[in-house]
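Dropping the structure in here first, questions after.
The values are calculated or read from the model by the stated rules, or taken from the named source; none is laboratory data. None of the values given here were measured: they were computed from a predicted structure. Don't worry about glycine lacking a Cβ; one is built from the backbone with ideal geometry, like all the others, and counts go over all protein chains shown.
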């Protein structure tokens, strides 16, 4: 556990130093291996190079998403889930820094951590879109330590074999699978850095942007000029302000309302004083506060650790599903403070007089010694998963309606 938390903290430090990568040239990436030979490209026409592809039963996305909904009065209800094999749009996902391989870059064999992050952050979207998630030779947790030692920053994550793999997977998807369909890009942390570059170089201002419903880039920093929606990280891709808006970005880094970004915050700021860190609230894209439709692992598992939660309801009742949902417990709004120009402030509305649990897990560490500068990075995606499912559904309707009106 201690090793995982240390690695996670190192990862955050790398992400923080690269938050202004849209304005500054990224540093060279760590080598993919000890040899000086360039890594050979992967064959992404091979289904084995993908964690998720639509229609497969032996697939990282083919998992159980049944959920226990826990009301404030303690009542438990069961929510079922199923993938839509006929979904009219696609989702393309790039996972965060998660590999436990000891090498600077991961291999092409998925380890349990990579399978878990698919479960936590992506598979549920298969109810609205066809899921595509390539395996890629990402910078590992161990590799991040080497990046820090060599003076590399977050921009390093945008260069090297990790980016080349995702770009190659993207091009293979476009060639072999897309067939002119609309698509949603989804990523977190290292994955968001990589898709940031992919959008800038392959999508922004190009004809293919017309097929992009949205780019969901979480756990990173997307720069925008202060008071504007476009012009920093991207020149033609604005921030999303409604669930029917197309070709836009949803992005944030989350912090508890009780533990806001401190002076050494790792997210929520950029180095250029003319820029701000973008924040779009999936619970209220039009602005203000909204209810988070979170899906939380019943055991307290996140993308890197497990901290057992308190009983979900008192007197305790068995939770027989892998997921729980807690309507009304979590709300959020985009805000800023002296240390961060934009972040998602998450409020836990616990009520000691009702039988439902009054708090959630998701920090790095245990109160009162959590790493405040990290925020709720480990559950950025879990917090808003239900909201994202709804948004992708509404964007799909808008996209199809736009197509029928041509």
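Pairs please, first residue from the range 372-390 and closer than 19 Å to residue 336 by Cα, second anywhere and in a helix (DSSP H, G or I) and at pLDDT 95 or above, Cβ atoms under 7 Å, 6+ apart in sequence or on different chains.
Note: pairs meeting the criteria are 376/383.
Does the range 279-310 hold any residues that are within 19 Å of the chain's Cα centre (by Cα), assigned to a loop (DSSP other than H, G, I, E, B) and modelled with pLDDT under 95, and which are they?
Hits for the range 279-310 are 304, 305.
From the list 306, 331, which one is out of contact with any helix residue (DSSP H, G or I) (no Cβ under 8 Å at 6 or more places or on another chain) and surrounded by 15 or more Cβ atoms within 10 Å (Cβ to Cβ)?
Checking each option against the conditions leaves just 331.
Which of (1) out of contact with any helix residue (DSSP H, G or I) (no Cβ under 8 Å at 6 or more places or on another chain); (2) over 22 Å from residue 94 (Cβ atoms); (3) crowded, with 23+ Cβ neighbours inside 10 Å is the odd one out, the single condition residue 261 does not satisfy?
Of the numbered conditions (1) out of contact with any helix residue (DSSP H, G or I) (no Cβ under 8 Å at 6 or more places or on another chain); (2) over 22 Å from residue 94 (Cβ atoms); (3) crowded, with 23+ Cβ neighbours inside 10 Å, the odd one out for residue 261 is (1).
Right, another one. Could you tell me whether residue 367 is more than 21 Å from residue 75 (Cβ to Cβ), in a helix (DSSP H, G or I) and free of Cβ contacts under 8 Å to residues at least 12 places away in the same chain?
no
So residue 231 passes all but one of these: (1) closer than 14 Å to residue 134 by Cα; (2) in contact with a strand residue (DSSP E or B) (Cβ under 6 Å, 6 or more places away or on another chain); (3) surrounded by fewer than 23 Cβ atoms within 10 Å (Cβ to Cβ). Which condition number does it fail?
Here residue 231 clears every test but (1).
Just checking, does the range 92-112 include any residue being under 26 Å from residue 386 (Cβ atoms), surrounded by fewer than 24 Cβ atoms within 10 Å (Cβ to Cβ), touching a residue at least 24 places away in the same chain (Cβ under 8 Å) and within 18 Å of the chain's Cα centre (by Cα)?
Checked against the condition, which is being under 26 Å from residue 386 (Cβ atoms), surrounded by fewer than 24 Cβ atoms within 10 Å (Cβ to Cβ), touching a residue at least 24 places away in the same chain (Cβ under 8 Å) and within 18 Å of the chain's Cα centre (by Cα), the range 92-112 yields no hits at all.
Mind checking which residues of the range 338-356 are more than 22 Å from residue 250 (Cα to Cα) and crowded, with 20+ Cβ neighbours inside 10 Å?
356
Can you name the residue in the range 309-326 that is farther than 24 Å from residue 364 by Cα and in contact with a strand residue (DSSP E or B) (Cβ under 9 Å, 6 or more places away or on another chain) and is also surrounded by the fewest Cβ atoms within 10 Å (Cβ to Cβ) among such residues?
320
Among the residues of the range 123-167 satisfying the criterion of being within 19 Å of residue 108 (Cα to Cα) and part of a loop (DSSP other than H, G, I, E, B), which is modelled with the lowest pLDDT?
The residue in question is 159.
Evaluate the following for residue 42: is it part of a loop (DSSP other than H, G, I, E, B), over 23 Å from the mean Cα position of the chain (by Cα) and either farther than 12 Å from residue 133 by Cβ or touching a residue at least 24 places away in the same chain (Cβ under 8 Å) (or both)?
yes
Could you list all residues from the range 60-88 that are assigned to a loop (DSSP other than H, G, I, E, B) and touching a strand residue (DSSP E or B) at 6+ places or on another chain (Cβ under 6 Å)?
60, 61, 72, 74, 87
Does residue 361 satisfy being surrounded by 15 or more Cβ atoms within 10 Å (Cβ to Cβ), over 20 Å from the mean Cα position of the chain (by Cα) and farther than 23 Å from residue 221 by Cβ?
When the stated conditions are applied, residue 361 does not pass them.
For residues in the range 35-55 being modelled with pLDDT under 95 and touching a helix residue (DSSP H, G or I) at 6+ places or on another chain (Cβ under 9 Å), which is farthest from residue 117 (Cα to Cα)?
Across the range 35-55, the extreme among qualifying residues is 38.
Mind telling me which of the residues 205, 227, 231 ends up being more than 17 Å from the chain's Cα centre (by Cα) and modelled with pLDDT under 95?
So the residue among 205, 227, 231 that is more than 17 Å from the chain's Cα centre (by Cα) and modelled with pLDDT under 95 is 227.
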